[in-house]
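Everything on this sheet refers to the single structure shown next.
The values are calculated or read from the model by the stated rules, or taken from the named source; none is laboratory data. Because the structure is a prediction, the values reported are computed rather than measured. FYI the Cβ positions are ideal-geometry reconstructions off the backbone, even for glycines, and counts take in every protein chain you see.
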Amino acid sequence: MGRDPSSATLEVKIHPSRDDAAVHHGQGSSPPIPPRHSQRTSPAGSSSSSSNATSRNREDREFSLFRRWIPWLVPCFVVANVVLLEKMGALVVDRVIHGEAWRLLSCMWLHGGVVHILANMLSLVFIGIRLEQEFGFVRIGFLYVISGFGGSLLSALFIQSGISVGASGALFGLLGGMLSEILINWTIYANKVAALLTLIVITLINLAVGILPHVDNFAHIGGFLSGFFLGFVFLIRPQFKWIVQRNSPSAPSSLKNRHKPYQYILWIISFLLLTSGYIIGLIFLLRGVNLNDHCSWCRYLSCVPTSLWRCDAKQVYCETSQIGNRLNITCLSNGRSELVDMPNVGFPSPLELCSQLCR
């Protein structure tokens, strides 16, 4: 699950004015178009370089007019992406606390961009197909969704600002399920040690990537732990000898139990731990508990500060309203506001303005 980088610095709500001069969302006014130069007949003896210079000047004006809108194009895309994700069901902890707990499930079906969704879906294909072939779509479907819910729950308990989307928690749940499936069905595997070590290495590498900024590693950890316990519940297999005895009526009926005792023990312990963890986590979340207040070092599980990046960037939130070609930006944390003209060349983006106002 990726945490939207833009959401870590800015939350923008568009409130267009209702008067006739207002520019409604999606209907932005374009800058005034300079009048075309009237075509005049060149006097006799004028050189072609004069007309070429006039043409270049016209192109320079048009390019200059286009350049002044570049700093607003990408920020507007970022703002639209954040607003759309929030409307569609991204994980926003404040809204979850105020009655929108369904966001814990809906956020796993949203992604922050093409690269984000392609990376997750490729991982899903490589991991999920083998599991579905062996255990069926019902059990793997439940494991995927419940693991994604667990990842969202742990993320909401530790990261309570910004917006989070993505299926990474559910994918880590599949990895955790594969690991527990090897452990609970230990006796039926031939190369179990090699398979176990391979899964552990893959999981550690993916969790190590989560220490980068703007990556929601708590969702990865929560999804992995949920999938690990769910694997003991959903992916348990009967003993090989029991299967042979069942398929061969002539075989002696010396084996009566379908599963071994240690399989039943792991099933019960995992079910109790998972159920109690979900109940306690939901109670804490709906009461607005921030687990960072009770665990000072846990923040390093999601981001480790280095000389290349920082993890303690201050969260700033701004509200904007647009009237004509002017933009009013208000910092929600300190109430400071500024009215600016949009088409100024070299003018800072809304992200930069919000950061300046909230200092």
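Here Ala219 meets each of (1) touching a strand residue (DSSP E or B) at 6+ places or on another chain (Cβ under 9 Å); (2) at pLDDT below 90 with one exception, condition (2).
Condition first: in a helix (DSSP H, G or I), surrounded by 12 or more Cβ atoms within 10 Å (Cβ to Cβ) and touching an Asp or Glu at 6+ places or on another chain (Cβ under 7 Å). Can you find one or more residues in region 256-279 that meet it? The answer is no; no qualifying residue exists.
Based on this model, can you work out whether Glu100 counts as of a type in the set (D, E, K, R) and either at pLDDT below 90 or crowded, with 22+ Cβ neighbours inside 10 Å (or both)? For Glu100, the condition - of a type in the set (D, E, K, R) and either at pLDDT below 90 or crowded, with 22+ Cβ neighbours inside 10 Å (or both) - is not met.
Among the residues making up region 82-95, those that are touching a residue at least 24 places away in the same chain (Cβ under 8 Å) and assigned to a helix (DSSP H, G or I) are Val82, Val83, Leu85, Glu86, Val93, Asp94. Screening region 96-115 for residues that are outside any helix (DSSP H, G or I) and under 10 Å from the mean Cα position of the chain (by Cα) and picking the one that is nearest to Leu282 (Cα to Cα) gives Leu110. For region 106-145, give me each residue that is among the β-branched types (Val, Ile, Thr) and either without any contact (Cβ under 8 Å) to a residue 24 or more places away in the chain or within 16 Å of Arg237 (Cα to Cα) (or both). The answer is Val114, Val115, Ile117, Val125, Ile129, Val138, Ile140. Does Gln245 qualify as being modelled with pLDDT under 95, farther than 30 Å from His214 by Cβ and touching a Ser or Thr at 6+ places or on another chain (Cβ under 8 Å)? The answer is yes for Gln245. Right, Ser276: under 27 Å from Ser180 (Cα atoms) and at pLDDT 95 or above or not? It is true that Ser276 is under 27 Å from Ser180 (Cα atoms) and at pLDDT 95 or above. Looking at region 126-211, the helices (runs of 4 or more DSSP H) lying wholly inside it that each contain 3 or more residues that are more than 26 Å from Ile265 (Cβ to Cβ) and either polar (S, T, N, Q) or modelled with pLDDT under 90 (or both) sit at 137-158, 192-209.
Note on region 147-162: residues that are out of contact with any Leu (no Cβ under 6 Å at 6 or more places or on another chain) and surrounded by fewer than 24 Cβ atoms within 10 Å (Cβ to Cβ) amount to 4. Would you mind stating whether Cys298 is within 30 Å of Val83 (Cα to Cα) and modelled with pLDDT of 85 or more? In short, yes.
Across region 263-277, the number of residues qualifying as small (Gly, Ala, Ser) and touching a Phe, Trp or Tyr at 6+ places or on another chain (Cβ under 9 Å) comes to 2. Do we find a residue being in contact (Cβ under 8 Å) with a residue 60 or more places away in the chain and in the same structural domain as Gly113 (by TED's automatic domain parsing) anywhere in region 170-177? Scanning region 170-177, I find at least one residue that is in contact (Cβ under 8 Å) with a residue 60 or more places away in the chain and in the same structural domain as Gly113 (by TED's automatic domain parsing), so the answer is yes.
The condition of being in the same structural domain as Ile140 (by TED's automatic domain parsing), at pLDDT 95 or above, of a type in the set (A, V, I, L, M) and more than 26 Å from the chain's Cα centre (by Cα) holds for only one of Ile236, Ile269, that being Ile269.
Pick from region 304-359 the residues that are at pLDDT below 70 and of a type in the set (Val, Ile, Thr): which of them is farthest from Ser161 (Cα to Cα)? Of everything passing the filter in region 304-359, Val345 is farthest from Ser161 (Cα to Cα).
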